[in-house]
Amino acid sequence: MRVEVFMQSTFRERERDVLRCMYNGIKNDLWPDELCNEDRDLMRRMNRKNGQGVGVNLNYDEITKAKYDLGIFFGSWKPDRKNPHHEVRSTIAKKDKPFICIETQLLGRVMFQESEYHRVGINGFMNEAAVFGLEKEYPDDRFKKLNLEYNGWKHNRGDKVVVALQLPGDASLRGMDINDWAIWTLESIRKESDRPIEVRLHPGVSQKGIDSHLQLMQWQAFNNLPDVNFVQGRELPWEEHILDAHCVIAFTSGLSIDAVRNGIPVIACDPGNFAWSISSKNAHQVEHPFMASEANVQSWLNTLAYCQWSKSEMESGEAWAHLKPAVEKLIEEQKQENESS
């Protein structure tokens with residue numbers, strides 16, 4: 001297998017450091033320093049016979065011309081962006097080859113703090129759009145390692161409904177206009193419920209960036225839906241905001257994970273939402289949101305913990321050992337598909 005780690009996919013040193021850790025873990029497996037020249041030549045011949053390259057390389061090219069079996073890059077991609085790092089990511093994602101995308105962590109993420117863990121997905125970074133390992137029942141060891149808890153659903157919850165906004169244009173929205181979604185959601189809630197609604201602005205929205213929600217705010221000003229308030233997420237931590245909510249409604253916001261882990265049901269409005277499998281799917285279900293069995297929720301949390309890895313786990317090769325069987329399976333499937341076409 002030939003792996004290219006694309007350093008130009010990010011201009012941030014801390015993110016390049018994550019890529020270097022991943023490179024080292026893969027190198028120790030595919031191309032260890034202790035290999036003698038005869039072994040290296042044998043590996044090259046065997047891989048060439050199977051139509052694959054060999055080894056792993058740190059690639060600093062802005063235009064991706066390298067031949068590889070697996071590409072690795074940092075960050076989501078936006079095809080309409082012309083920044084060099086976005087162009088590198090988009091080019092790799094469009095190729096007919098497997099790739100690994102390293103993104104923000106899922107469990108235990110703290111806004112505006114450097115992440116200890118990173119989500120590591122094959123062929124994507126969203127729920128149902130990426131592979132995070134072989135499909136199986138995962139143990140709870142990694143979840144326990146995070147020192148997080150799940151104590152079941154809260155049954156004596158508050159009355160309010162929290163609608164979680166996301167940054168307009170974010171890649172996780174997959175082309176959805178967050179303002180249009182929010183308007184539809186508010187209308188849907190009011191057809192079913194008179195509960196107070198709190199629209200939570202993303203903590204990353206700046207005072208200048210609030211203009212991007214002008215459409216939504218103008219709509220509310222003219223329609224004047226009763227008992228709808230906007231909450232500044234930057235000023236009110238989610239721990240203080242959502243833990244007394246009746247439910248949280250989100251498109252693909254990571255707040256969905258935090259809500260479920262703390263016993264608050266979620267209405268997940270897109271399959272890319274990581275809470276999709278254990279939640280309601282439509283805002284019309286606001287009065288009686290679905291709550292999966294607590295055993296299923298714990299199993300879901302265990303799986304999420306196997307979707308994210310620390311730099312030390314990348315450096316040691318533990319992350320690669322988890323991902324490699326799924327990568328090899330995809331490479332083999334693609335090879336068979338190419339041979340039959």
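The values are calculated or read from the model by the stated rules, or taken from the named source; none is laboratory data. Remember, predicted model here, so these are calculated numbers, not experimental data. Neighbour counts run over all protein chains shown; Cβ positions are idealised from the backbone, glycine included.
The residues of region 263-278 that are within 15 Å of Lys154 (Cβ to Cβ), assigned to a loop (DSSP other than H, G, I, E, B) and in contact with a helix residue (DSSP H, G or I) (Cβ under 8 Å, 6 or more places away or on another chain) amount to a single one, Pro265. The single residue among Asp170, Asp227 that is of a type outside the set (A, V, I, L, M), surrounded by fewer than 16 Cβ atoms within 10 Å (Cβ to Cβ) and assigned by TED's automatic domain parsing to the domain that holds Leu243 turns out to be Asp227. Number of residues in region 69-120 that are within 17 Å of Ile257 (Cα to Cα) and small (Gly, Ala, Ser): the value is 2. Filtering region 74-130 to residues that are β-branched (Val, Ile, Thr), over 14 Å from Ala319 (Cβ atoms) and crowded, with 17+ Cβ neighbours inside 10 Å leaves Val88, Thr91, Ile92. For the residues Gly209, Gly233, the requirement of being touching a Lys or Arg at 6+ places or on another chain (Cβ under 7 Å) and not aromatic (Phe, Trp, Tyr) singles out Gly233.
Matching residues to (1) more than 29 Å from Met22 (Cα to Cα); (2) at pLDDT 95 or above:
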position: Ile264; (1), (2): yes, yes
position: Asp270; (1), (2): yes, yes
position: Ala275; (1), (2): no, yes
position: Gln285; (1), (2): yes, yes
position: Pro289; (1), (2): yes, yes
position: Asn296; (1), (2): yes, yes
position: Asn302; (1), (2): no, yes
position: Gln334; (1), (2): no, no
position: Glu337; (1), (2): no, no
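Here is a check on your reading of the model: is Ile249 crowded, with 19+ Cβ neighbours inside 10 Å, touching a strand residue (DSSP E or B) at 6+ places or on another chain (Cβ under 9 Å) and closer than 24 Å to Gln113 by Cβ? No: the conditions fail for Ile249.
Residue-by-condition table, conditions (1) surrounded by fewer than 16 Cβ atoms within 10 Å (Cβ to Cβ); (2) closer than 30 Å to Trp153 by Cα; (3) out of contact with any Lys or Arg (no Cβ under 8 Å at 6 or more places or on another chain); (4) charged (D, E, K, R):
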position	(1), (2), (3), (4)
Glu294	yes, yes, yes, yes
Thr303	no, yes, yes, no
Cys307	no, yes, no, no
Met314	no, no, yes, no
Gly317	no, no, yes, no
Trp320	no, no, yes, no
Val327	no, no, yes, no
Ile331	no, no, yes, no
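Of all residues in region 232-253, those satisfying the criterion of being at pLDDT 95 or above, of a type in the set (Gly, Ala, Ser) and assigned to a loop (DSSP other than H, G, I, E, B) are Ala245, Ser253.
Within region 314-334, the residues that satisfy the criterion of being farther than 16 Å from Val3 by Cβ and in contact (Cβ under 8 Å) with a residue 60 or more places away in the chain are Ser316, Glu318.
Exactly one residue out of Val56, Val162 is closer than 21 Å to Gly204 by Cβ, buried (at least 19 other Cβ atoms within 10 Å of the Cβ) and more than 21 Å from the chain's Cα centre (by Cα), and it is Val162.
Condition check ((1) over 30 Å from Arg12 (Cβ atoms); (2) without any contact (Cβ under 8 Å) to a residue 12 or more places away in the chain; (3) assigned by TED's automatic domain parsing to the domain that holds Val297) across all residues:
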{"site": "Glu114", "(1), (2), (3)": "no, no, no"}
{"site": "Asn123", "(1), (2), (3)": "no, no, no"}
{"site": "Asn127", "(1), (2), (3)": "no, no, no"}
{"site": "Phe143", "(1), (2), (3)": "no, no, no"}
{"site": "Lys154", "(1), (2), (3)": "yes, no, no"}
{"site": "Leu165", "(1), (2), (3)": "no, no, yes"}
{"site": "Ile178", "(1), (2), (3)": "no, no, yes"}
{"site": "Ser188", "(1), (2), (3)": "yes, no, yes"}
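When region 257-288 is limited to residues that are buried (at least 22 other Cβ atoms within 10 Å of the Cβ) and over 21 Å from the mean Cα position of the chain (by Cα), the one that is farthest from Met176 (Cα to Cα) turns out to be Val286. Counting the residues of region 284-327 that are in contact with a helix residue (DSSP H, G or I) (Cβ under 9 Å, 6 or more places away or on another chain), under 18 Å from Thr104 (Cβ atoms) and in a loop (DSSP other than H, G, I, E, B) gives 1.
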